Structure formats: structure tokens, C-alpha cells
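In what follows, a single structure is set out as C-alpha cells and then discussed.
The values are calculated or read from the model by the stated rules, or taken from the named source; none is laboratory data. Predicted, not measured: the structure shown is a model, and the values here were computed from it. Don't worry about glycine lacking a Cβ; one is built from the backbone with ideal geometry, like all the others, and counts go over all protein chains shown. These accessible areas exclude ligands, DNA and RNA; they are computed on the full protein's heavy atoms, side chains included. Shrake-Rupley method; radii C 1.70, N 1.55, O 1.52, S 1.80 Å.
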Amino acid sequence: MTRPLAATLGLLLAVPAAADVPPAYGGTIRIALPSAPRVLDPARAVEPADLVAVRALHAPLLEIGADGRLAPGLLGEVPAPEVGGRLFRLRLAPGLRFSDGTPVTAADVGASLARLLVREPRSPHAWVALPILGADAVQEGRAASVAGLRVLSERELLVTLAFPLPEYPWALAALPAAVVSPRGAGAGPFALATQDGREARLAANAHHRRGRPFADALVLSGPDARGAARALRAGALDLVLRPEPAGGVAVGSTPPFLATVAATSPRLGAGAVAVRRVLAALDRAALGRLFARGPVVPLETILPPAVVPGAPPRTEGGPAGPLPPRLVLLIRAGAPDQRALAERLQVKLFDHHVRASVDEEPPARFAARLASGDYDVALVPVPILALAPAVAAGEVAYAVRGPAAARRAMAALAGAPPAEAPARLATLARALEVVPLVATGLRASATPALQGVAPRPDGGVDPGDLWLLGGGAR
Amino acid sequence: MRLLTVAVLAAACAAAPARGAPRPSALTSTAEALSDALGPPAEGRRALALAVEARVPSLAAPVEAAVEGALSRRGYAVTPLRGAVDPEAAARAGGQDWLLRVQAGLVPGRRELALVGELVPMWASFFLQRHPGARAIPPRLVQARADADPETLLLGREGRRAGAPFAVVRRLARLDGRVLALAVGEVPDVEGAAIAAATPDGERLLSAAGAPIAARAADLGSARPVREPAAVIAIGDYGRGRVAVQHAGAPAGEVLAVRDGRLEAVGALVAAPLCAGEAGSLFGAYAPGTGALLDVLSPRADPDARPRSPRLLYRVAAAPRGGGPIAFAALGQDLRLELLDAGLAPAGPSLEGVGAGLALADLDGDGTAEVIASAPSPSPAPAPRQSTPRADRIRILAPRAAAPLLLESGPIEGAILAGAAGDLTGDGLDDAVLAAVVATPDGGAATDLYLVTADPREVP
């Protein structure tokens, strides 16, 4: 844990019952998100709205405490590295149950980690399981089960990694490591009641390991910015989590953990270095300030400064070919601010006599084109869900270059002293052929009646801790 | 044989105090004890001038009467001196053999009447006749104490000085950890009133001054988890013990007693002990899986008691002394405080915006309990840690429509989330103690206990 991150946590985490009244139970909390939640599977959710919903429905194996350190979650203790950081014993806390009442077992933990490696549909969060021994064989179809996962008992799972990674428990604290029952139930504070294209309705989970949440129900929807502000003002919403402020009471913002990096394609050849130099010379602070709607920080490394303190960007050395006269700028549809950033890059590239066209693709198509190299420059948004540099670097590498690059990135940063992390990340950025740009977050606007809003260190808000004054008696 | 039996019974009756006979008053007891300490008069020196001073003027005359009577019974010829500027000179001028100067008052923090006497010889020393003020023999000090009965407490209670506040609030003690609930009452083997505190880790018993007496680590292994720890604790008549507690999520309540300096479970309760006062105890129940109470107020531990309404409660408080119009108060999650009489019927209009640090106490002794409560000012913004600490206030509200504010304290660091009432200063009237949870520099929590009292001896 870096000191800046600890400082961030200190500012954003509130002690429970910090208000002058104890939390009240009951009521329905209505939350507006940048979009209506659609993907509620922790193995597949990447959009901010989906991640909020997943946080409400599922529980990760480990939590991050108020002091910024790992804390027990579904695991009764934080596993200590054995065999030089290659072996971890995962012991579940006693008495855990999914929201459907079935017990949470070590086999469920193993299955949840293994499902991140299935080939079709590919999980964007396979980086959580990639360090496990035999993960590559499963991903490549050479094995049916993950060799590094061994169930020792109802409550104990032995995880063997393919390479030393003492920071691996940080991957277990990430949301994609949440345990899902064979029937799809989660162990989060809420359980899914109904879902349609407009909203998801969630009901309190009486089996949650910390006790049932304060609210009886959550309603998650995705109105546009104007509609959200209007509804908040009219008392039809309790919380708005969007990039832009929505009125009401400003209750802080999530840390900027949606990192956007620009990746160049191998098909640019020698011109790729020249393009990256142009992008690296951009004033990223101005880029964020002018073209991102929410809280934003410039990226000095491929990770947000809350994970790794910034270091002056280093100009990429080595020979560079001529800039290409034209290039295709690939962006993902639906990701906040990507279009505005891309248009600014267009202008800057044009200043260097490069005509860039913007291709906006839906997530699946974007991922396919990225994987096949069908682009010249791609803006890749990566929600940083792991807070250890080694694991988070693997997350970025996996999003941009795939599993092999992710393993190399994690191995390269494993056990790195904090002082060395910026330099190693700079080296990694060159190896990945990416230029870090900005990281963005969401602002939280609430009604005065909503209490317990304390953005988590990984950028989410724990819906189980939200409560309404008077228990929601309106 | 029959005559012998009657004689034995008569002797036994004479030896034992008659059942139901009134105990001597504190005034009589202390006067007799003081007179015993003086002993009978020496032959030829029986004339005694008696000068009584008391911290409270209303106590002086009854003490004088009691001491005069006790001394007379021991053979003294007593002449009261009242209002003399120089009692010694007055006694000497009156030809008295002795001057007994008595100071009387209630012992702070204890419900005791204390008398301190100074016996000064008044006859002239043969060898020091040129020095009329010289004493023939050194003076003697005598003193006596006795438990104060309500009448003595009434007489000994100091009046409020002109311009003095209705009550004072001062910090009593700091406890490690977070106090969830408080109770005040009398516990066997503990002198004066005791404070019982429930924390997430167990229970603690403290003296009226906040000093630790006994503690217990709770075994909550069988408890269902609740997102925010909560507990109820009460001191009253619970059979084998006087302290009763239930933590939210625990399957049952427990009765605790002090054994060898520790709190030990001596019984179980099938309902949550909400509070206890002279009007009786109330029992309730937690809403399943939560730290909120159902609106169940039952005078018996009845697991089948039905809620009065669907609303959930934060706290239920009892006035320590019965007889007044308000015996209980129930605070809902909506911060609406319902005032109830001993029969649980409404005892006045509900008060709005009352905080969860709550106690009912007749601070001024007018027979009606006041509401002592924190001042809720919830904010959705997370409190920054280790920056500006949160501040709360203690308010004393008259239990009438519109709840006139009798006193509001200055800012108090922390969040005040628990309270209780009882006589902690020993003046015979109720005081309140409230618990403010504060963050410690190491990221943990501590609790400051604040005393709220109208005892004029506490007023600076």
C-alpha cells in the first residue's frame, strides 16, 4: 500500500455511524448510475454501473480496511504467502451463505476463480486467475481444470501460482474474485429481485456475512444527467453517481480509477514510436481538465497515482520512423469521456499533419478489434480494481495485450519496492506500447436523508452501508 | 413452662428491632453518633453552647434540634447559639462550660449526611487568667456520618445560585472502545450508584465517578452478525442479578451479577431488557438481523409480546424515580420521542428531532422527568478522519409541547449515542450520563462519559 493511497483512503472512508444518529434500517434507496446495470456477473462486469450493481450483489474474498490494508472478507483471514509467494491457503470464514441460503464452500471459491479463465465468452477479468498454475493451459484449451486450485476441505482451498507473486491476495480483494454459487447467487448485501432494461431492483440479503444491509431494497437505474438531477431535486432519487454533479448534497467522489491508456498497434510499424511520442507530449492535465466531465487525474504511469505515486513521464527513446499520414483511432462506445478525449487527440495529431479518424465500437467489437490488432491507436479504458501495483499492472496489460503480457507484467512488478515501481511501470509501458493518459472517477450527489456514503478505495460505494434517515419513512 | 415461653418471646422481641419499625432518620443517627463520640459531660461542666453551621441553611435548624436532643439525653444543658458573629465570645459571655461548633452537610458523590463537631472549653484557665481567650484544655474534634434518607437529602440539597445554569455538563471518564448502551442503578456490593456500559466486546460496571469495578468479555459466538453493533442494558430487579443485557443478534438476553470483581452471567432472559426504573422494567425485542428494536414494550419478559406499531426504535429509556407523569420514553428511528406514563399510555406530546444519546431524569426535583438528549445533525458527507472532529451537543428539554430548551451544552467531541439516568452525585436527585463516541488517533474508538447534573455542588 502506497502512502498516497493511504491518504486517499483516509479522506474518503468514514467510520460507521459518523453521523450523530445510529444507522436506521428500512426503506428503499434509489441510485442513478451512468447507465442502467446490464451485466451483473462479477466475471464480466466492466462498466461503472455494472460494477456498482455487482458490488451490491456479490462479496469479494477479501476486503480493504479503513487503514488501506487487506482485511478479512469471505476469507476469515488474509492468506499469508508461502513458498516464496507461490502458495496461498484460502480459508473461508465459518457460517457463510449465499443469498439463496446455500452455504459458501471452498469448491465454490475454486469454481469462481476458474470461471474467469473460460475461453468463451472470455472474461475481461481473467487477470485475477492468470497467475494460478495451469491457468494458461485452461485458457488455451489444453486442460479442463486449473492445476493450481486444490480444494482441501469444505472451507479451505490451496492456490498455487505459476510464478512468485506475494501481492496475489490483492487480486482476491478485487470484485471479479467474488464467489458465485453454482446457481448464480452472490454473497453480497443484496440479492437480485428484478431486472429490465431500465433498472435493477435488489432486495436485502439476510444471509450477508456482516448482517443484512440497512436498506430493505435498492433500485439502480441509468437516467441521463439532466433526468438524474431533476429526479434528485424532486426526491425521486437518493444518490446519483455520475461524472458530473447532479445537485443535492455533494458527498465526495470516487477515486479516479478508470484509467485510459492509448495503445499503438504493431501494424504502425516504425511509425508507432513517433505516434507514442506525440501522445506522450500531450498536456495530460489539460486533457483531463478540459475533456473529462468527472473527477480526473493525469496519468504519469499506467496506474493511477493513488496506486503508484506519479513520476515524471519519460520520453521514449530509440529510433522512430516517420509519422503515418493517416491513422484509425479506436474507442469503445459507452465509456465515459472517450469520444471527447479521442477528438482532442485528433486535433493534436492533426497539428503533426496526421489525419486521424475515430472508430467507435460497442464493447464486444472493440475487444475483438483490439485483440486482432485491427486499429492504429486505441483508447483503452481499464477500471483498476486491484490496488497492488503488480496486480493492477497485470490488469492493464491484460486489457491491452492479453494474458501472456499480463503474466509478464505481474511477474515484472512482483515484490517490487515502492520506490522502484514507477521506473518498472515506465519500462512496462514501453513494452506494452502504451501511453498513459488520464484516470477518471464519478461524483456522488445525494439527498440530505441519505447517510453512509463512503466511496470505497477501489472506487465503488458499498450499498450495504447506505441508509436513510428515519429508515426511509417518507 | 408457658410463662417461661412468654418470657423468652418477650425478651426476644425486646432484643430485636420491631419488624416494620421506622429506621431512625439520618439526622437522629448522626446526632446520636456525634453525642456518643463526645461522651457524657464531666462532673460540674454540663453547660454547653451549641452552634450549628450547614452548607445549606435549611439543614442547620433540624441538625441543631437533633444534636440538642441527643446531648440533652446525655446530661448536657444545651443552649443553642444562633446568628452569633463570634460564637466563642458569646459562649464565654454566657458562662458556658463548652462550645460545640457543628458543621453539617451532604458528602459529595455519596448519599450521606456528615457532621463534624469542634468541642471547645469555655472556662478560664487558672494559670492564664490574664489571657481571657486562652483555652484551659485543647479542643476536641468529633465526627459522624449516616446514610441520608430522602428527607435529609431534600433538606441538604443546595439551592441553585442566582444566575446559575439549569444544570452542568462535565466529562466523567473516558473508556476504551465504543459504548453502545448505558444504565445507572444500584448493584449489590457497590457503594452508591453504578454505571453499566455495553460495548461490542462485552460489558463493564463503573462507579458513579467512572472508575472501573467489574467487566466481562461477551461471548457472541452464537450471535447472528449485525451490520452495526447494538445492545440494550439495564439495572433493575432481574432475579439473580441486577444487570441485564442483550446484544443485537444474540439469541437471548443475559442477567449479570458481580462475582469476585467480575461480571458473570447468572441467568438468561427471553426478551431484551430495554430499561428499568421505579415504575418497573420494560422488555422488548430486536428486529431480526438488525440492531434496531421492534416497537415492543412489555412489562414482562414475554417473547410473544406483539409490537405496538410497525416502526423501529433506537432506544427506550426509563425515568429512575416513579411517581411523576413520565415513566418511560421510546425513541423511534424517525427521531420522534414518545413520552409514556407508568401504564405505557401517552404522557404528553411526542418530541421531534431527539438524538439517540437519551435519558429521562428529574434533574431539578420538581417531580417530572426532563429529556436529556443529544442533538442530531446528520450529514451525508463522510466525516474526514483526523481532521475536524465531529461535534455533538447535549440538550435538556422540558417534556412539554414544543419541548422548551432548558439547557444546551457547548460542542462535545464525538457522536453521543447512548445515555442513562440515576443519582450519581448522591444528592438524592437524578443525574444523567451520556456517552460520546470519539475517534482515537490510532483509528480506533473511545467513549467519553459526560455527567449531566443540577447538583449545585457541581456548578463551578
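Could you list all residues from segment B:111-130 that are modelled with pLDDT under 90 and surrounded by fewer than 18 Cβ atoms within 10 Å (Cβ to Cβ)?
B:TRP123, B:ALA124, B:SER125, B:PHE126, B:PHE127, B:LEU128, B:GLN129, B:ARG130
Exactly one of these conditions fails for B:ALA217: (1) over 30 Å from B:ARG457 (Cα atoms); (2) modelled with pLDDT under 90. Give me its number.
So the condition that B:ALA217 fails would be (2).
Looking at segment A:442-452, can you tell me whether even one residue there is open to solvent by 10 Å² or more (accessible area, probe 1.4 Å) and away from chain B (no Cβ under 14 Å)?
Residues of segment A:442-452 that are open to solvent by 10 Å² or more (accessible area, probe 1.4 Å), as a first pass: A:442-443, A:447-449, A:452.
Then keep just the ones that are away from chain B (no Cβ under 14 Å); that gives A:442.
Yes, that holds for at least one residue.
Considering only residues that are open to solvent by 50 Å² or more (accessible area, probe 1.4 Å) and under 15 Å from A:HIS208 (Cβ atoms), which ones fall in segment A:42-95?
The answer is A:PRO72, A:PRO94, A:GLY95.
With respect to the numbered conditions (1) within 23 Å of A:TYR25 (Cβ to Cβ); (2) modelled with pLDDT of 95 or more; (3) open to solvent by less than 40 Å² (accessible area, probe 1.4 Å), which one is the sole condition not fulfilled by B:VAL255?
All conditions pass for B:VAL255, except number (1).
Which residue is farthest from A:GLY85 (Cα to Cα), if the candidates are limited to segment A:385-399 and must be small (Gly, Ala, Ser) and assigned to a helix (DSSP H, G or I)?
Filtering first and then ranking leaves A:ALA399.
Mind telling me which of the residues A:ALA280, A:ALA306, A:ALA246 ends up being under 20 Å from A:SER35 (Cα atoms) and not polar (S, T, N, Q)?
From the options A:ALA280, A:ALA306, A:ALA246, the qualifying one is A:ALA246.
Are any residues in segment B:286-320 more than 12 Å from chain A (Cβ to nearest Cβ), part of a loop (DSSP other than H, G, I, E, B) and over 15 Å from B:GLN333 (Cβ atoms), and if so, which ones?
B:LEU297, B:PRO299, B:ARG300, B:ALA301, B:ASP302, B:PRO303, B:ASP304, B:ALA305, B:ARG306, B:ALA319, B:PRO320
Please go through segment B:313-346 and give me each residue that is within 24 Å of the chain's Cα centre (by Cα) and among the acidic types (Asp, Glu), ordered by number.
Scanning segment B:313-346 gives a single hit, B:ASP341.
Can you tell me how many residues in segment A:400-433 are assigned to a helix (DSSP H, G or I), within 20 Å of A:PRO169 (Cα to Cα) and open to solvent by 10 Å² or more (accessible area, probe 1.4 Å)?
Of the residues in segment A:400-433, 6 are assigned to a helix (DSSP H, G or I), within 20 Å of A:PRO169 (Cα to Cα) and open to solvent by 10 Å² or more (accessible area, probe 1.4 Å).
Among the residues of segment A:183-240, which ones are acidic (Asp, Glu) and open to solvent by less than 40 Å² (accessible area, probe 1.4 Å)?
If the condition is that a residue be acidic (Asp, Glu) and open to solvent by less than 40 Å² (accessible area, probe 1.4 Å), then A:GLU199, A:ASP238 are the ones that fit.
Suppose we filter B:ALA215, B:ALA198, B:ALA208 for residues that are aliphatic (A, V, I, L, M), touching a strand residue (DSSP E or B) at 6+ places or on another chain (Cβ under 8 Å) and within 17 Å of B:PRO320 (Cα to Cα); which single one remains?
B:ALA208
Could you list, in sequence order, all residues of segment B:278-291 that are among the small types (Gly, Ala, Ser), over 17 Å from B:VAL245 (Cβ atoms) and open to solvent by less than 30 Å² (accessible area, probe 1.4 Å)?
Across segment B:278-291, the qualifying residues are B:GLY280, B:ALA287, B:GLY289.
Return the residues of segment A:131-153 that are surrounded by fewer than 24 Cβ atoms within 10 Å (Cβ to Cβ) and in contact (Cβ under 8 Å) with a residue 60 or more places away in the chain; say none if nothing qualifies.
The answer is A:ASP136, A:GLN139, A:LEU152.
Looking at (1) part of a helix (DSSP H, G or I); (2) at pLDDT below 95; (3) open to solvent by 10 Å² or more (accessible area, probe 1.4 Å); (4) more than 14 Å from every other protein chain (Cβ to nearest Cβ), which is the only condition A:GLY470 fails?
(4)
Restricting the search to segment A:110-142, which residues are outside any helix (DSSP H, G or I) and at pLDDT below 95? Break it down stepwise before answering.
First, the residues of segment A:110-142 that are outside any helix (DSSP H, G or I): A:118-125, A:129-134, A:140-142.
Answer for segment A:110-142, where residues must be outside any helix (DSSP H, G or I) and at pLDDT below 95: A:VAL118, A:ARG119, A:GLU120, A:PRO121, A:ARG122, A:SER123, A:PRO124, A:GLU140, A:GLY141, A:ARG142.
Return yes or no: is A:ARG201 basic (Lys, Arg), touching a Ser or Thr at 6+ places or on another chain (Cβ under 9 Å) and outside the structural domain of A:ALA421 (by TED's automatic domain parsing)?
yes
Filter segment B:39-61 for residues that are touching a residue at least 60 places away in the same chain (Cβ under 8 Å) and surrounded by 20 or more Cβ atoms within 10 Å (Cβ to Cβ) and give the result.
Matches in segment B:39-61: B:ALA49, B:ALA54, B:LEU59.
Could you grab me the full set of residues in segment B:211-250 that are outside any strand (DSSP E or B), open to solvent by 10 Å² or more (accessible area, probe 1.4 Å) and farther than 19 Å from B:TYR286 by Cα?
Scanning segment B:211-250 gives B:ALA211, B:ASP237, B:TYR238, B:GLY239, B:ARG240, B:ARG242.
Which condition from (1) in a loop (DSSP other than H, G, I, E, B); (2) among the hydrophobic types (A, V, I, L, M, F, W, C); (3) within 20 Å of the chain's Cα centre (by Cα); (4) crowded, with 24+ Cβ neighbours inside 10 Å is the one that B:VAL354 breaks?
(3)
Yes/no per residue for (1) at pLDDT 90 or above; (2) touching a strand residue (DSSP E or B) at 6+ places or on another chain (Cβ under 7 Å):
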position: A:VAL307; (1), (2): no, no
position: A:ARG314; (1), (2): no, no
position: A:PRO319; (1), (2): no, no
position: A:PRO324; (1), (2): yes, no
position: A:ALA356; (1), (2): yes, yes
position: A:PRO363; (1), (2): no, yes
position: A:SER372; (1), (2): yes, no
position: A:TYR375; (1), (2): yes, yes
position: A:VAL382; (1), (2): yes, yes
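Sort out for me the strands (runs of 3 or more DSSP E) sitting completely within segment B:400-460 that have 1 or more residues that are of a type in the set (Val, Ile, Thr).
Strands (runs of 3 or more DSSP E) meeting the threshold: B:415-422, B:431-439, B:445-453.
Looking at B:GLU68, is it within 20 Å of B:SER35 (Cβ to Cβ) and at pLDDT below 85? Explain how you work it out, then say what you get.
Numbers: within 20 Å of B:SER35 (Cβ to Cβ): yes; at pLDDT below 85: no.
For B:GLU68, the condition - within 20 Å of B:SER35 (Cβ to Cβ) and at pLDDT below 85 - is not met.
If B:GLY249 satisfies all but one of (1) away from chain A (no Cβ under 14 Å); (2) in contact with a Pro (Cβ under 8 Å, 6 or more places away or on another chain); (3) free of Cβ contacts under 8 Å to residues at least 60 places away in the same chain; (4) under 27 Å from A:GLY26 (Cβ atoms), what's the number of the condition it fails?
Every condition holds for B:GLY249 apart from (1).
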